[in-house]
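The values are calculated or read from the model by the stated rules, or taken from the named source; none is laboratory data. This is a predicted model, so every value here is computed, not measured. Here the Cβ positions follow ideal geometry from the backbone for every residue, glycine too, while neighbour counts run over all protein chains shown.
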Amino acid sequence: MVNPFLWIVVVGGFVCFLVACGNGANDLANAFGTSYGSRVLTLLQIIVIAAVCEFAGAAGLGSNVATTMSSGIAKMSTFQNDPYVLMYGFLCTLGASFLWLLYATVANLPVSSHHAVAGGIIGFALVYGGGDAVVWAGHKSTFPYVSGVVPIVVSWFVSPLLAGLAAAILHCAGRYLFLERAYAVRLAPFLLPVVVLVVFFLEFLFIFLSAASSRLGWKSSHSTWMAVVVAVGAALLSLPLIPLLRRRLAAMARSAEAHAAEEGCDAIESMRQSMNGARVRHVRTFASAALAAEYRAGQKQQRRAVIAGLDAGGTDKKNNGTQQQRQGDEDAEDDMLQPPLLAPARTGVSHNNNQSDVRNSEADARAARKLCVSREVDGAVVREDTSEADGEDAGSTPDSDNRATALPFGGGARVDPNHNYLVYDEAGVLLFDPRAEYLFRLLQVFTAACTSLAHGSNDVSNSIGPYAAIYEIYRTGTVESTTHVSTWLLCLGGAGIVVGLATFGLNIMRLLGEDLAMLTPLRGCAAEVATALVVSLATVYGIPVSSTHCITGAVLAISMVDVGFHRVRWALVLKMYAGWIFTLVVTAVASACFFAQGITAPVPTTPQ
């Protein structure tokens, strides 16, 4: 005879897959938002990394034991006599979680799928057993000494604060100790082992504490020592890569110079129309700041810039650019790493004292006010014009507004008056030399993979936990505090997460990677490492935190460091916080409604 509750297992499996899709579209998209926003990884690359790491984390490191009561939110004794009612309650939880995750993703709200499931459990437990069926603030003998709903509410404030503090410290350390220095490009290759040591230790500590400990049974001390061993080994293996990185940075400089020599005015002017005085994404600077400072000082002799233009004798741009490219190829590798300029090229103004010649060379004067920015390709450069300065004398110094118009991001950048090799965009965000940040670009690929691996090992079991409980109750007919999660269930959750990321994950990635803050490789790497650090510490002490909340707090803190407290998009931040609060409330109400309708519906009777 067919079990009358088989339909719960069938429908629950389908809804569980949808919840996993919502997890990928929202939770996992949060993790990859920094990598996407800093343009370290494309969407296709993110999907490939997620597909590999999610399955590897779920099948290889995933927890084979899931707590059915979602960390002690509902009391087990309430459902001992009605196991099939609990099955239906978990089905309602999955349905409410999926609907909320779907809405949150469409509405660009970064939320936690774990908290969505917790809210669903609260909802049906309240309907079935009242307030006594929910653990609001249970006592524990170990830190944090409280379990249930209260730690979830506290985590809304504590986890973003801790992650933000860690991210701000890491960002400021990299910024003030390294990237703001004039010798940052020269120093970058030699910092590789140090940065690898720190990043590998924190990331593998995150993986071992949040994932491997549940599968391998490691203690916190053992996980820490294993992370130290892996980090030291990775740092030693990175030593031979220093010469390769130096050559790579030099090649980036030569590539940018060659690309600039091939650019024509038509292509540049067409791109100017797309800028239209607004901030343009994906732009990096190589030599703009130094060239602007030189121009501001009125130095008219043979400016050094990445752009190839007409020289004093009217030489063709491309021929002159080719000549400069050959000269750049003959330069020593160290010369290509000199900050902040790349290779010499004349800007194309005759710098003589004859004012009539200057006035008769309006085109040349116009070319002198063109500064260089790089876009998309490793240091590939295009030019931006400052037409407001056309009326000035060739020997004069442009004012601050014209100087700003000449800098990157379509007219909003400015030069740091104290350090003329630094550039800020119109929002006050400091733009680093992309050659110096290339080190963090490489590491952010690794941090993104580690984040996905840990997500697959930890969060997959959370999203499929209710369905694992449904399947276990159907199989045994009893209620257990924990249930074993089969590998096929973990793979089901991993597949759903990858599908969700590939289909709807772009919205959330744009929110954290572009809308909340302007991210570069250093900023993205700092946010991801800070998130790993906070989640690792929380795992050691048993504090329920969400990686979504941590990464959001980290990005917010970096934005505050860059642009100040008053220029942060607080309306967007309040919207995110509202989403976190409503996650628990809405899923609880929805699950309660589904559950109440189901258990109070009339049951058809079989005629005797």
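General remarks:
- Of all residues making up the range 586-600, the number that are among the β-branched types (V, I, T) and modelled with pLDDT of 95 or more: 3
- Yes/no for A517 being of a type in the set (A, V, I, L, M, F, W, C), out of contact with any His (no Cβ under 6 Å at 6 or more places or on another chain) and surrounded by fewer than 21 Cβ atoms within 10 Å (Cβ to Cβ): no
- Test: residue in the range 546-560 that is out of contact with any helix residue (DSSP H, G or I) (no Cβ under 7 Å at 6 or more places or on another chain), over 30 Å from T224 (Cβ atoms), touching a residue at least 12 places away in the same chain (Cβ under 8 Å) and surrounded by fewer than 23 Cβ atoms within 10 Å (Cβ to Cβ): yes
- Qualifying residue in the range 226-247 (condition: touching a residue at least 24 places away in the same chain (Cβ under 8 Å), among the basic types (K, R), crowded, with 19+ Cβ neighbours inside 10 Å and touching a Leu at 6+ places or on another chain (Cβ under 9 Å)): yes
- Flag for V195 being over 20 Å from G57 (Cβ atoms), crowded, with 18+ Cβ neighbours inside 10 Å and modelled with pLDDT of 80 or more: yes
- Filter pass, A592 being in a helix (DSSP H, G or I) and buried (at least 23 other Cβ atoms within 10 Å of the Cβ): no
- Boolean, E263 is surrounded by 18 or more Cβ atoms within 10 Å (Cβ to Cβ), more than 15 Å from F190 (Cα to Cα) and modelled with pLDDT under 90: yes
- Of all residues in the range 464-477, at least one satisfies being in contact (Cβ under 8 Å) with a residue 12 or more places away in the chain, buried (at least 24 other Cβ atoms within 10 Å of the Cβ) and closer than 27 Å to T447 by Cβ.
- Some residue of the range 507-529 being among the polar types (S, T, N, Q) and more than 27 Å from V561 (Cα to Cα): no
- From the list R215, R254, the one residue that fits, being among the charged types (D, E, K, R), touching a Gly at 6+ places or on another chain (Cβ under 6 Å) and either modelled with pLDDT under 70 or within 22 Å of A163 (Cβ to Cβ) (or both), is R254.
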